[in-house]
Every structure is written in structure tokens, then in C-alpha cells.
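The block underneath contains the structure these notes are about, expressed in C-alpha cells.
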Amino acid sequence: MEPRGRRRRRLNTPSAAADLAAFADREGLSPGAVMAAVVAEAASRHGVDRSRLGPLGRVPVPDEAGRVVAHLAVFDPPGGDDGPERDADRLGSLHQVLVAADERRRRGVHYTPRVAAETLVSLAWAEWESGAPDRGRPAMVLDPACGGGAFLLAAARTMHAQGVGAAEVLASLRGIDVDPLAVEVTIAALALWGWAAGIADPPLDEGVVHRADALDPTTAWWSSPGRAPDLIVGNPPFGGQLRRLTARALPAAEPGGRRHGYADTAALFLRRGVDEVAAGGVVALVQPLSVLATRDAAPVREAVGDDLVALWVPDGRLFDASVHVCAPVLRRGSGDRRSRGTVVVRSGASADPLGEVPRERLSRHRSWGPLWAEASGVPPVELGPQVLGDRCRSGAGFRDEFYAVADLVVDGLPAAEGAVAGRPPTVSRVVTTGLLEWATTGWGRRSAVLGGARYAAPMLDLGVVRASSEPRLDRVVDARTAPKVLVATQTRVVEAVVDPDGSLWPSVPVVSVRLDDQAGPEGVGDDEAELDDDEVATRLWLVAAALMAPPVTAWAVLETGGTARSAGALKLSARQVLRAPLPVDVDAWAEGAALLRSASQEGSVAPGPEAVAAFGRVLIAAHGLEKALAEEVERWWWDRHPRGGSPRNYR
């Protein structure tokens, strides 16, 4: 019983989690001791022989751990009744709370809410049944990173609801996890579910759920000889390889016998899952949204793309991690779906179908970004064949360059006036991606952080940079101070700024686009050396207009869907910028560039909303979109634009 007068708080709130973890820490209790006490308390409350609940049910419970159970006002996640099956759900949530925050981030430990696990299992089950209606046996289900058992519990409920006996259900489940306590928690959770389903002695042991690293090439994913799982479901750990905390040590071999470089750890589970699942079987694993379009995940997408049949995009964030997620659904050897040539996109808590995306579009964009675009309502633009890379070149610098330059940045007027003795007065204004705005900059109006320091007006003395101990910076100065167009990242629409005199220094990762001196006399990128300053500026404004055209923002979401930090933003790399399609109507393109140049007073002011709306209409026309699609693109782009509203207000 809970203490009288104590208000029960929900386990999934940050304050409740911190409170419980702090209490256990003050009592000097390990997570295992706390979980053993919780299992003992649940067994006593429901009249279950706790020794039947696996290893945690056989651990002696210290008196101090009993006080934690009395403290469990937080032991109350929402939903369901107060029976043993509900306690089975609680175990996984509680286990996550007891893992230290740094350890959770390092291992990617995030417990999946029951409703989300059941939604994904239902999708996988329906897909498996559609390809195997006459199997005459229950599906064999595996979670290769089972955590607290959310997906195995969801699979048990789904199979039991289909008429499969509880004992047979438990015999059809397998789980793997690197955390021995997670293994014990999952066994206890499944045993509680089995007891609630009428099994006095659930047939569970450490062979059903066992400790192992599922990405270790020596780990067998299924313990029964001659069998393979029919369904592989779960929420594997996320591990970005550019962050020290989550970077993995590369094994001797990786899934499919090839290296996958900086692909997120979760994507490797997806890759190996297709190898491990039975023919006709289904793999449905939660992934970071970035897996849809990042370059590093491309080998995984290429390897499993033929088996992709659906994508589920939940609403918001699925759990307490600062990452948006999706769940690809793959069926091994899904020939009938390939002949249809489409992938179904589902969205929301109920996973309702939104539409279907042609596989040919995925191939053309070399990513699964169009699936995210379909889920988020992006107009399906098909633009012309010529691209910016036919006329320009681009770059975004490297981290080592950033750190080499960061210590040389100075703030404001002293450098600009050459007031420091011995310094030449030639300076560049340093712009970060946050200082870039639509057709102008916020330099001098807003501060910026560089190398951990905040600057009101960050500047570089170019003489000092050239004279630094980094010899290659002399070459970097030549590139960074050339006439160019700068493109921001992490924006809702493509935002670019023209720098005709080379006075802006782009900080990493701002993308710089320069005219290509190899483009030839017909191109936007005619040889700069043969053009006067105004002609160079004119061509740079054409580049900026091409990039900021509303249809190109739609194309960019199709190209990069899900790779930005915010799910609503886009993030173009230097290479992707060069793939931006050019307008097909050259006269309308030139008209839009001239309008943009005039409205921003050559980049010195932000264009007003009327001018932005007029520019948008001209550039939409320059891409030759048919009327209905043109109107859809205009509304969509204007809703995303930082100066947006109703486009009708500015006609």
C-alpha cells in the first residue's frame, strides 16, 4: 500500500524520476536492489510466488530497499488497471529512471511508452500476416535491444489477442540486451504478464531473454537451431558517431560484412535485422529521424531499401530524448511491394496512412527524405534538370579551421578602425549561421558565440590571420574573402546572403557558394576575372535567388528530410547545395533576382514582407509549376517563412 496522505506522482515526470533516483542514492542502494524490492512488492501484492519472476524474484531484499518501495509515490505511470499486467509495464519505466543520466545518454537507454510499442508491433504484425496468412503457427518475435521489455510485452498482448495461448506466446518471444539488469527486468515483466494471463509457472529463463551485444558478429540473434525470427521489433540504442559519449568502438565485422562509418548505431540494428529475420519476416525498429537522409546512413538505406514497405512517423518526440524518431517497416524479400513501386507513409499515434511515395522518387533523391516530406505535408515538386553545381562550387570549411581561427576573432570597432598598433586595418566581419537572415545578416545587431566566447560584432584582422602559425590559413583567407553567396543551415526555408565584396567571413558550418570559373560564357558562373564588380554581383544575386526560390525549399526538405536538429528545419550540406535545381524560365529568374537585390538594398536591409511575397511568386513561376501546385507551394513556403503570414495579404 502507498503511504497515507502521499499524493502519487507519475513515474514519467522529470521531477519524479530525479526524486526517486536521489532517494535511492541517499540510501546507498544499487538499481538492482531497488528493482528486486519492487518485484518483491509486486509479487506480494498480487499473491505471486516471487521466485517465479526470474532472477530479480530470487534476490534477497535489504531493509533499505523496502523503504524505497514505501517511497514509490512515483510508481504510477498512466493508463491501465492496477493489476500485475500494469506492474509489468511499470518495471521498464522504473528501470530507466534508475539508470544515471550520463549512462542513459551513453547507451541510448530510453523506455518506449506502451502505446507506441503496441502501435509499432501492430504494424509489424499486420505486415507479417499479409504475407503469411497460412503459416498455421504464431510468429517468432525478437527484440535485439529489449531494455525493460516494452516491445515484447506489446507482442505478447498482440498475439494473445489473436487467440494464441499464453504459454505458447511466451515460448515465441526472445530478447537481447547488453545490460544484465535490463535482461532481469524483462524476464520479470514477461513473467508478471504470464501470471496475469493464467500461467502459474511462466516458462521463462535466461535463454529466452539473455545478455549479449546484438551488434557483436559472434552473437546469435535466435537461440533455436534451424529457426529465425518472423518479427524483429524494438527501440535500439541511438548512438551518433560524432559525439564522444555515444561513439562506438568498431568491431572486426559489421552487419552485411562492410563498414558503415558514422552511421548511427540504431541504423546498424536495422541493417543486421534484415539479415537475421526469416524470409518474408518483418523488421520494425525505431530510428532517429536523421536515418532517412544523412549521408552516413546511405549504405544502410541502400542495403535494406528494397525491403522497405512503410514508414511510421509518430507525433512529436516518442520519449525523453532530444531527438525526433521514425520507424521503418521492412519485409524481407517483399517482391509484391517492389512491383507496386511505392512505400506507405503513416503518421500519428494511430499510425494512419497518409499516402504512398514512389520508390523512383527515393532513388532520384538518393535518400528516404521524400517519406518525411510526405509525412509533414511538403508539396511534391519535380523541378528542372539543371542544377547549381553546373555553374558554381561550394564549401563549408572544417572544424580544425574553425578552432584555428576562433582564437583570432576580436570584437567590434577597434579592429575595424585599425586602432590596435601594428595591425593592418583590413578586416572581415565574421558571420555564424545564426547571424544569417533571409537576404541579409544580423551582424552588429545581434551577438554571436564563437569558441565559447560571445561577441557583439565578431571580426577577423586578415593580416593577423595570414601571419598566424597555421600556414594553410593564408590559402583559407583567399577562399573566404572571395565574392560569394553564404547559405545558412538549420533553417525552415533556404536562407542566403550575397557577399559581393568578400567582406564576410563564414564560420563553420556556413556554406559558401562561389561562381565557377570553369562554367563557360553562358553560365551564371562566368570567369570572375573577366567580369567587372557589378557583373559578379549580378550573377551572385542570381545564385541567391535560385537558392531562395520557394520550390527549392520544398526540394531541400525532400532531399534532407529529418537531418536538421529541429524536425521542422532543413540542413543542406555544401554538396547538396550544388544539387539545387535551377529555374527553367531564365527571364523570370533574372526578374526575381533583380527584385531581391533592390528590395534588400544589395543585402544591407531585410526585405519587407510585400517584397518577399512578390519574389516568391516570381521564382515559383520561374520553375514552371502548374497552377494548383504553384499555389500549394506558395502557401506552404509562406507559412514557413520568418516573415510569413497569408500570401494573399501581399498580392
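Just to verify a number: FRET efficiency for Ala349 and Gln490, C-beta to C-beta distance, R0 = 30 Å, to 0.05?
Values: r = 28 Å, r/R0 = 0.92.
Step by step, r from the Cβ atoms, then E = 0.65.
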Run the simple label-point estimate for Asp315 and Asp275 please: 7 Å along Cα→C-beta, distance reported in nm.
3.9
Theoretical gain in end-to-end length, Ala479 to Ser376 [0.36 nm per residue, Cα-Cα removed]
33.3 nm
Between Arg137 and Asp639, what is 0.36 nm times their sequence separation minus the Cα-Cα distance? Round to one decimal in nm.
175.6 nm
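Tell me, in nm to one decimal, what length is gained between Asp201 and Ser363 on full extension, where the rule is 0.36 nm per residue of separation less the Cα-Cα distance? Mind showing how you got there, number by number?
Values: separation 162, 0.36 × 162 = 58.32 nm, distance 5.18 nm.
Between Asp201 and Ser363, full extension yields 53.1 nm more.
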Once R0 is set to 56 Å, what does the formula 1/(1 + (r/R0)^6) return for the Cβ-Cβ distance between Glu631 and Ala467, expressed as a FRET efficiency to the nearest 0.05?
0.50
To the nearest 20 debye, what charge dipole does the stretch 464-516 have about its Cα centre, counting +1 at the Cβ of each Lys and Arg and -1 at the Cβ of each Asp and Glu?
100
FRET efficiency for Asp534 and Glu356 from the Cβ-Cβ distance with R0 = 35 Å, rounded to 0.05, comes out at 0.10
In nm, to one decimal, how far is the Gln386 label point from the Asp306 one, both placed 7 Å along Cα→Cβ?
3.8
Neighbour cut-off at most 12 other Cβ (10 Å), DSSP loop, GluC sites (Glu not before Pro), the stretch 596-643
Glu626
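What trypsin sites (Lys or Arg not before Pro) does the stretch 441-491 have in DSSP loop regions with at most 14 other beta carbons within 10 Å? Mind showing how you got there, number by number?
Details: sites: Arg445, Arg446, Arg454, Arg466, Arg472, Arg475, Arg480, Lys484; in loops: Arg445, Arg472.
Filter output for the stretch 441-491: Arg445, Arg472.
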What figure in square angstrom, to the nearest 10, would you give for the accessible area of Asp516 with a 1.4 Å probe?
30
Sticking with the crude label model, points 7 Å out along Cα→Cβ, report the distance from Arg45 to Glu27 in nm, one decimal please.
1.4
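The values are calculated or read from the model by the stated rules, or taken from the named source; none is laboratory data. From a predicted model like this one, the values you see are computed outputs, not experimental measurements. As a convention, Cβ positions derive from the backbone with ideal geometry for all residues, glycine included, and neighbour counts pool all protein chains shown. All accessible areas refer to the heavy atoms of the entire protein, side chains included, with ligands and DNA or RNA removed. Shrake-Rupley method; radii C 1.70, N 1.55, O 1.52, S 1.80 Å.
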